[in-house]
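The values are calculated or read from the model by the stated rules, or taken from the named source; none is laboratory data. No experiment lies behind these values; they were computed from the predicted model shown. Glycine gets a Cβ as well: all are built from the backbone with ideal geometry, and neighbour counts include every protein chain shown. Please note that ligands, DNA and RNA were not included when accessible areas were found on the heavy atoms of the full protein model with its side chains. Shrake-Rupley method; radii C 1.70, N 1.55, O 1.52, S 1.80 Å.
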Amino acid sequence: MPSPVDGAQRSSGPLFLGTHSPSLDEKGRLVLPSRFRDVLSDGLVLTRGQERCLYGYPVAVFARVHEQLRSAPLSSRQARDVSRVLLSGASDEVPDRQGRITVPPALRRYADLHRECTVIGAGERIEVWSTPAWETYLAEAEERFATATEEVLPALA
C-alpha cells in the first residue's frame, strides 16, 4: 500500500520518497513510478543533476528553482555555471497515459542511462540514475551516513 506522503502533494510542495527500478525502453521512454504519477501528471522538467544523475522537478517546483537561479548575482561564475548547465539541459516532459516520459538522448548520455534505471524520491524532486551508478554511489554514501555526526544531521540526533 502506498505511503500517504510518497509522491503526495503537501502544502509546501510534493514529497517524493523511495527507490524504484523501472526500465528504459528502446525508444528512450521511462515509466514513472506509480506513486509519483499523480503529482507529475501535468508534467515535469527533466534536467542534468549532480553526480551524473537526472533531476525531475514538478513544473511549479522547477519555477521556484529558476527564480532562485535568477536571484543569484551574475558576477558569480559558479552561479552562471549552475544556471547554464541546469537550464541548457532541461526538457519539459508530460507523461503519457501509461505514465511514460521520454528521456532525451543528450540526457540519457549525460547520465549513462541504458535499460536498467533507478528512480529515487529526493524530497521535492525525483532523481533518475543508471542502476550501476546508483549502487556505487549508495554504497559510498551509506558509509558516510553511518558515521555522520549530529552536527551534520541535527534533526536525526
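Against the conditions (1) open to solvent by less than 100 Å² (accessible area, probe 1.4 Å); (2) outside any helix (DSSP H, G or I); (3) at pLDDT below 95, where does residue 75 fall short? Just the number, please.
In the conditions (1) open to solvent by less than 100 Å² (accessible area, probe 1.4 Å); (2) outside any helix (DSSP H, G or I); (3) at pLDDT below 95, residue 75 misses (1) alone.
Please specify each residue of segment 107-141 satisfying the condition of being within 16 Å of residue 29 (Cβ to Cβ), hydrophobic (A, V, I, L, M, F, W, C) and either open to solvent by 60 Å² or more (accessible area, probe 1.4 Å) or assigned to a strand (DSSP E or B) (or both).
Correct list: 117, 119, 126, 128.
Determine whether residue 145 is exposed (fewer than 13 other Cβ atoms within 10 Å of the Cβ) and among the aromatic types (Phe, Trp, Tyr).
It is true that residue 145 is exposed (fewer than 13 other Cβ atoms within 10 Å of the Cβ) and among the aromatic types (Phe, Trp, Tyr).
Which condition from (1) in contact (Cβ under 8 Å) with a residue 24 or more places away in the chain; (2) assigned to a helix (DSSP H, G or I); (3) open to solvent by 60 Å² or more (accessible area, probe 1.4 Å); (4) closer than 25 Å to residue 38 by Cα is the one that residue 67 breaks?
Single failed check for residue 67: (1).
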